[in-house]
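Step one of this worksheet: look at the structure below.
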Amino acid sequence: MNDWEERYQQGDTGWDRGSSSPALYTWLDSGALKPCRILIPGCGLGHEVVTLARLGYDVTAVDIAPSATKHLQQKLADTGVTATVICDDLFNYQSATPFDAIYEQTCLCAIQPEQRSEYEACVRRWLKPGGELFALFMQTDSEGGPPFHCDLQQMRQLFNSDDWLWPNHEPIRVPRKSGRFEMGTILSRR
């Protein structure tokens with residue numbers, strides 16, 4: 001059993017806010033995130049998966065924890081909507097067709113920092129050219145993790161300008177119950 005599965009089984013899911021992120025609603029309400037084929041890596045209990053599926057998005061969700069994906073599948077069935085739910089290590093995940101968009105929240109901050117370059121390469125591979133990455137970068141201002149701090153300067157280096165177009169405006173600030181916060185921005189794959 002992996003560490004994430006143990007955490008779900010023990011109810012140690014402090015990262016889960018119990019509903020979709022306010023950032024998702026901001027992007028939906030503004031029209032920035034339009035109906036499309038979208039991937040949610042590290043989906044956890046899948047609040048955003050259900051929200052987007054209800055709105056008619058073609059959603060694929062990946063998580064390593066069987067308890068989380070089983071919970072999400074039941075929630076989708078109870079809600080009467082569909083999404084593709086895959087239980088796998090996201091570094092193993094392959095898609096025959098690139099996605100229009102990726103919603104990244106609490107996945108990057110959960111993986112070991114030395115895996116970030118590999119994760120960025122996966123995201124780039126999963127996303128079609130011109131596709132958009134709706135990213136929430138966790139701000140912990142502390143050492144260690146998870147969650148690991150996602151310094152914005154480091155994120156600009158990771159998602160560099162050779163492969164990614166960053167917006168000219170400041171990211172949105174999304175508070176968390178823990179006192180931490182996320183910085184939300186939309187990157188376009190070149």
_Selection from Y119, G131, Q157, by position along the positive dipole direction of region 106-190 (Cβ)_ = G131
*Chain lengthening between R54 and A77 when straightened (0.36 nm per residue, less Cα-Cα)*: 7.1 nm
*For Q94 and E170, compute 0.36 nm times the residue count separating them, minus their Cα-Cα distance, and round to one decimal in nm.*
24.1 nm
*Just add up the charged neighbours of P147: K/R +1, D/E -1, any other residue whose Cβ is under 14 Å from the Cβ of P147.*
-2
_Unit charges at the beta carbon, dipole of the chain: most positive-side option, H47, Q105, P35_ = P35
*asked:* If the reach is capped at under 17 angstrom between alpha carbons, list the lysines near K75, excluding any in the same chain fewer than eight residues apart.
replied: none
_Counted charge near E5, where neighbours are those whose Cβ lies closer than 13 Å (Asp, Glu -1; Lys, Arg +1)_ = -4
*asked:* What is the distance in Å between the Cα centroid of region 29-79 and that of region 99-117?
replied: 16
_Estimated vicinal HN-Hα couplings, Hz - region 81-86 in sequence order (Karplus 6.51, -1.76, 1.60; Gly, Pro = x)_ = 10, 10, 7, 8, 10, 10
*Long-range amide H contacts for F137: which residues qualify at under 5 Å (H placed 1.01 Å from N, peptide plane, sequence gap of 5 or more or a different chain)?*
M183, G184, T185
*How high is the FRET efficiency between R156 and R190 when r is their beta carbon distance and R₀ equals 25 Å, given to the nearest 0.05?*
0.95
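Where a number appears in this text, it was derived from the coordinates with a stated rule and is not lab data. Because the structure is predicted, anything quoted here is derived from the model rather than measured. Cβ sites come from the backbone with ideal geometry, for glycine too, and all protein chains shown count toward neighbours.
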